[in-house]
Amino acid sequence: MSNIIGIGAAPRRKEDFRFLTGRGNYVADVKRADMTFGVFIRSQHGHAVIRSIDKVAALALPGVQAVLTGEDVAADGLGSLPCGWGIHGSDGLPMKEPAFPMLAQGKVRFVGDMVAFVIADTLEEARAAAEAVVIDYDVLPSVVGVLEAVRPGAPQLFEDVPNNLCCDWELGDKIAVATAFKKAAHVARLSLVNNRLIGNPMEPRAAIAEYNRGTQHYTLWTTSQFPHVVRFLMANLVLKIPEQKMRVVAPDVGGGFGVKQFHYGEEAVITWAAGKVRRPIKWVADRAEGFVSDRHGRDHVTEAELALDENGKFLAMKVNTLANMGGYLSTFGPNIPTNLYAPLLGGVYTTPAIYCNVKVVFTNTVPVDAYRGAGRPEATFVVERLVDVAAAEMGIDRVEIRRRNIIAKEAYPYQTPMLLEYDSGDPMGCLEGALAAADVTGFAARKAASEREGKFRGLGYSTYVEACGLAPSRFAGRLGARGGLYESATVRVHPSGQVTVLIGTHNHGQGHETTFAQIVSEKLSIPTDKIEIVFGDTDKVQFGLGTYGSRSLAVGGTALVKATDKIIAKGTKIAAHMLEAGEGDIVFENGAFTVQGTDRSKSFGDVVGAAYGLVNFPVDVLEPGMEEKAFYDPVNFTFPGGAHIAEVEIDPECGSVDLVSYVAVDDIGTVINPMIVGGQLHGGIAQGVGQALFENCVYDETSGQMLSASFMDYCMPRADNLPNMQIATHSTLCTHTSYGVKGCGEVGTIGSPATVINAVVDALAHLGVSHVDMPATPSRIWRIIHNRANRLRAAE
C-alpha cells in the first residue's frame, strides 16, 4: 500500500515520464498509411472581394490531389462554423450571426482567412501547388479598432450588420446605478484598453483526417481541448454527417490556454477533404500561420466610473465596453466579453449597484475568443484599476479603501448585484496574508534605496474573485448556451483490480493523469500505478465537455468522485452478501469492506473478484462486473480568488520595468496536489505579467496587416523577466464540489495584470501619472516619463 498517494500529496506527475523521454503522442506524431499533406491558402488582405481563383496550374503539378475552395464547399451544401454560445441584446433580439464559411466565399475579412486548401502526396508538393494558385482580389478598406469600426462611414464587414455591431448587450440595474451616482460624494473615472493577445501554445495546431470507405466513418485527430464538442458541432452543423460516423481523437496536446478550445474551420475542411480524396490528410500549422489563424484574446476599450460616499464606501459602478470580435464569431466569442465579464464586475466588494453595457463589434482582424481567464481578467483589471484611481483621488490608502469595501468572510454566501452568489471566500484573509509575505512595512526603505540609484519603485495590489467551473447548466441556458455544462466520468475496475478511468475532460498540461489518479487512490486505497486515466477519444470516452474555464477538477473531479462512490456502493452490496451481513453494517476503509465492530472483512480485490463471478456472487441480486458512470451538473460556479502584491522598479533612463517581487495568496479550496497547483499559479501569473508588460497584438489601421506576426515583434515573457514568486494558499471550501475544491488554472492570469499595472502607476505617481495602458513596455514608459517631465519643467 506504499504507493497509495491520496489528496494533499505532491508526487511527480505520472504523464511526465513519456513527455521527458520523447514518448508523447501528439497529432504531428500520428502516421497513417498512404497519407497526403494539406496546405491552406490564406488571405493576405484584411478585407477584399474574391474575384476569381485559378487553380488550373496547381492541379497540373506532380502529386497534387485536389485544390478545394469555397465554391466546392457551397456545392456540397455544407454548413458554416457555428457560434456555440450566443447572446441577446438589450432590445431582447438575438445577436447578429453572419455565416462563417470554413473556406471563404466571395469575400475575405481578415489576414489569415482561409481561401483554399491544397492536397498533395508530399508537403513540398502541396506548398508548391499553393504557390501556383492565382487569386484575384478587389481590395477593400479595412477597419481593425473597435472605436473606428462603430463610427459613421467605417468600412462594413457584412451588409446585414449595420455599423459592424454584432450586439448591444447590458446587465445590471441602470436606474439604481443612476440614482446612486447622484448621491455620490466622489466619482472616479477611468478610460482603459485591454490589449489583444495571442496564445502561442508550445505545440501549434494540427489535424489529421481519415475516411473509411467500407464503414463510411471519419476519424479526425486534432489538437483540441474538447473533442466531443468538436464532433457534435462539426458532424451535426457543418459537415452534416451522422454523429456516430465521426470519431474525434485529441491525443497529447502541448498546451491550450483556450486557443485550442474552439471548433476551427481547418478541422472541418480536412475531414471533408479526406472523404473527397479518399486518403488521409495531414496539416500542421507553422508558427507564422498560428499568429494569423489561432483565435486571439481580450481586445477591449472601456470607460468605467465608480461612485463613492464621503468615507470611500462604494455606492455604484458603471462600465461601458467595446469588445472586438474580429472578422467572424468564434465558438464562444460573444459570450466572453458579456456573460463571463460583466457578472464579475462586483469583484470582492460590497458595491450595491452595478450596470454594464457591452457593444460587441466586428473588425477586420482574427476572430477573438477565450484566452486563459476569458472575461474574468478583463473584469478584474477594470475593477482593481478603478479602485486604485478612487483611492488616489480621495486620498485614502489603497489597502484601507479595500478594507472598507471588501466582503467579510462572515457575509458568505454573498449575493452580488450581477447574478452571481458567491458560496464561500475570505478575501480579507488573503490580503492580510499577502501583506505580511510582501513585507509592505519595509517598502518605504526599499523605495528610498531605489531613489538613491535614480530609479522609481512602486507597489501594486489586487484583490480579486473569479467564477469558474462554468456552471450550472440552467444558468448557462438562460444566458444562451446551446447545451448543458455537466461533466462525466466512468470508473472501470478490471478483474485484476486495476482501474481505468474514462473522463470527459482533457489533459493538455494540467497534470490530470496524476490528480485524478490521486482521487481514485484516496477513495479506493489503490496504488496510483494501478490507475489509468483515459481521455480525448470520442469512441472510448462517454460524452464530455472537455477542459476550459478551470472546470476539470471542480466538475470532472466531482463526477469522478460520484462514479467512484457508486463503485464503493456496489462493492458494499457484494461484501454484505459475502460476509452474510446487512449492507448498513458494512464500512469501507483502507481498501477493505468490514463488518462494523468485528474483524470480519473482505479486501477490495476479493470483492472485485466476486463481482466478475470468480467467487461467491449474488447473481440474483446484482449484475456482474464493476463499472460505474456518473454525470455531474454543478449547482453553482466555484469562486476562487485571492490577493496579489507586486513590486516594480523602473529605470527612467530607458523606461524598463523590473518586476522585483511578486506575492500571491489564493483561495482555491482543497489542494489535491500542491506541486501541480504551484505550477498552475506560476504559469498563470507569468501569462498575466506577459500581458501587463510585454505582449501586444498590433494591426496596421488601414491595410489590416498584422504588424506583430512573429516573435520578433510579439514579445513573450521569459524566465529572467520574472522574480522568484512567493505563492501561498488561504482556502475556504466550496460548498458543492467534492472535497470543497475550486479552480486554480486561471487565477494567476486573473489577478496579475492589474497587480503589475497598479505597481507601475504607483512608481510613476509622483509625476502625476494616474493610469498606464498595457503593455507597459519600455518605450511606452519612457515616453510617459519624459512627457511628464517636460510638462513639469514647462509649468515651473
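The values are calculated or read from the model by the stated rules, or taken from the named source; none is laboratory data. Treat the numbers as computed from the prediction; the structure is a model and nothing was measured. Here the Cβ positions follow ideal geometry from the backbone for every residue, glycine too, while neighbour counts run over all protein chains shown. Side chains are part of the model used for accessible areas, which takes the heavy atoms of the whole protein and leaves out ligands, DNA and RNA. Shrake-Rupley method; radii C 1.70, N 1.55, O 1.52, S 1.80 Å.
Annotation: Gln44 fulfils all but one of (1) assigned to a loop (DSSP other than H, G, I, E, B); (2) open to solvent by 30 Å² or more (accessible area, probe 1.4 Å); (3) touching a residue at least 24 places away in the same chain (Cβ under 8 Å); (4) touching a helix residue (DSSP H, G or I) at 6+ places or on another chain (Cβ under 8 Å); the unmet one is (4).
Of all residues in the stretch 415-446, those satisfying the criterion of being in contact (Cβ under 8 Å) with a residue 12 or more places away in the chain and farther than 17 Å from Ala643 by Cα are Thr416, Pro417, Met418, Leu419, Leu420, Glu421, Asp423, Phe443, Arg446.
Restricting the stretch 358-382 to residues that are among the charged types (D, E, K, R) and not in a loop (DSSP other than H, G, I, E, B) leaves a set whose member that is most open to solvent (accessible area, probe 1.4 Å) is Lys359.
Here's the yes/no breakdown for (1) among the hydrophobic types (A, V, I, L, M, F, W, C); (2) in contact with a Phe, Trp or Tyr (Cβ under 6 Å, 6 or more places away or on another chain); (3) crowded, with 21+ Cβ neighbours inside 10 Å; (4) part of a helix (DSSP H, G or I):
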{"site": "Thr755", "(1), (2), (3), (4)": "no, no, yes, yes"}
{"site": "Ala759", "(1), (2), (3), (4)": "yes, no, yes, yes"}
{"site": "Asp773", "(1), (2), (3), (4)": "no, no, no, no"}
{"site": "Ser779", "(1), (2), (3), (4)": "no, no, no, yes"}
{"site": "Arg788", "(1), (2), (3), (4)": "no, no, no, yes"}
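For the stretch 180-203, which positions are touching a residue at least 60 places away in the same chain (Cβ under 8 Å) and open to solvent by 40 Å² or more (accessible area, probe 1.4 Å)? Listed by number, the residues that qualify are Lys183, Ala185, His186, Arg189, Ser191, Val193.
Residues that are at pLDDT 95 or above and at positive phi do occur in the stretch 56-64. Can you tell me which residue within the stretch 521-547, out of those that are open to solvent by 20 Å² or more (accessible area, probe 1.4 Å) and over 25 Å from Gly497 (Cβ atoms), is farthest from the chain's Cα centre (by Cα)? Filtering the stretch 521-547 for residues that are open to solvent by 20 Å² or more (accessible area, probe 1.4 Å) and over 25 Å from Gly497 (Cβ atoms), the one farthest from the chain's Cα centre (by Cα) comes out as Asp539.
Filtered by the rule that a residue be under 18 Å from Val238 (Cβ atoms) and either among the small types (Gly, Ala, Ser) or in a strand (DSSP E or B) (or both), the stretch 97-112 gives Ala99, Ala104.
How many residues does the stretch 651-677 contain that are part of a strand (DSSP E or B) and closer than 20 Å to Ser462 by Cα? Of the residues in that region, 12 qualify. The set of residues in the stretch 703-739 that are in a helix (DSSP H, G or I) and surrounded by 16 or more Cβ atoms within 10 Å (Cβ to Cβ) comprises Asn721, Ser738, Tyr739.
Meeting the requirement of 3 or more residues that are β-branched (Val, Ile, Thr), no strands (runs of 3 or more DSSP E) wholly within the stretch 211-323 can be named. When you look at Ile135, is it more than 34 Å from the chain's Cα centre (by Cα), in contact (Cβ under 8 Å) with a residue 24 or more places away in the chain, in a strand (DSSP E or B) and closer than 23 Å to Tyr264 by Cβ, yes or no? Here the answer is yes, as Ile135 does meet what is asked. Only one of the numbered conditions (1) open to solvent by 30 Å² or more (accessible area, probe 1.4 Å); (2) assigned to a strand (DSSP E or B) is not met by Leu459, and that is (1).
In the set Ile727, Ile750, which member is in the same structural domain as Ser656 (by TED's automatic domain parsing), hydrophobic (A, V, I, L, M, F, W, C) and touching a Lys or Arg at 6+ places or on another chain (Cβ under 6 Å)? Every option except Ile750 fails the conditions.
Got at least one residue in the stretch 678-686 being buried (at least 22 other Cβ atoms within 10 Å of the Cβ) and either outside any helix (DSSP H, G or I) or more than 16 Å from the chain's Cα centre (by Cα) (or both)? No, that holds for no residue. Within the stretch 47-64, being touching a Lys or Arg at 6+ places or on another chain (Cβ under 7 Å) and not hydrophobic (A, V, I, L, M, F, W, C) holds for one residue alone: His47.
Among the residues of the stretch 407-432, those identified as surrounded by 22 or more Cβ atoms within 10 Å (Cβ to Cβ) and within 18 Å of Gly460 (Cβ to Cβ) are Pro427, Cys430, Leu431. When Val115 is tested against (1) under 27 Å from the mean Cα position of the chain (by Cα); (2) outside any loop (DSSP other than H, G, I, E, B), exactly one condition is not met: (1). One residue alone among Gly597, Gly655 is surrounded by fewer than 20 Cβ atoms within 10 Å (Cβ to Cβ), modelled with pLDDT of 95 or more and at positive phi, and that residue is Gly655. Residues that are part of a helix (DSSP H, G or I), in contact with a His (Cβ under 9 Å, 6 or more places away or on another chain) and free of Cβ contacts under 8 Å to residues at least 40 places away in the same chain: does the stretch 600-620 have at least one? Yes: the stretch 600-620 contains one or more residues that are part of a helix (DSSP H, G or I), in contact with a His (Cβ under 9 Å, 6 or more places away or on another chain) and free of Cβ contacts under 8 Å to residues at least 40 places away in the same chain. With respect to the stated conditions, Glu695 fails to be part of a strand (DSSP E or B), in contact with a strand residue (DSSP E or B) (Cβ under 7 Å, 6 or more places away or on another chain), open to solvent by less than 50 Å² (accessible area, probe 1.4 Å) and touching a residue at least 40 places away in the same chain (Cβ under 8 Å).
Considered as a group, the residues in the stretch 506-555 that are touching a Phe, Trp or Tyr at 6+ places or on another chain (Cβ under 8 Å) and among the hydroxyl-bearing types (Ser, Thr, Tyr) include one that is nearest to Gly24 (Cα to Cα), and that residue is Thr547.
Can you confirm whether Glu649 is in contact with an Asp or Glu (Cβ under 9 Å, 6 or more places away or on another chain) and either open to solvent by 10 Å² or more (accessible area, probe 1.4 Å) or closer than 24 Å to Cys744 by Cα (or both)? Full working, then the answer.
Numbers: in contact with an Asp or Glu (Cβ under 9 Å, 6 or more places away or on another chain): yes; either open to solvent by 10 Å² or more (accessible area, probe 1.4 Å) or closer than 24 Å to Cys744 by Cα (or both): yes.
Yes, satisfied.
Residues that are modelled with pLDDT of 95 or more, small (Gly, Ala, Ser), surrounded by 15 or more Cβ atoms within 10 Å (Cβ to Cβ) and over 20 Å from Arg278 (Cα atoms): does the stretch 68-88 have at least one? Yes.
Thr122 passes every criterion in (1) buried (at least 19 other Cβ atoms within 10 Å of the Cβ); (2) touching a strand residue (DSSP E or B) at 6+ places or on another chain (Cβ under 8 Å); (3) modelled with pLDDT of 95 or more apart from (1).
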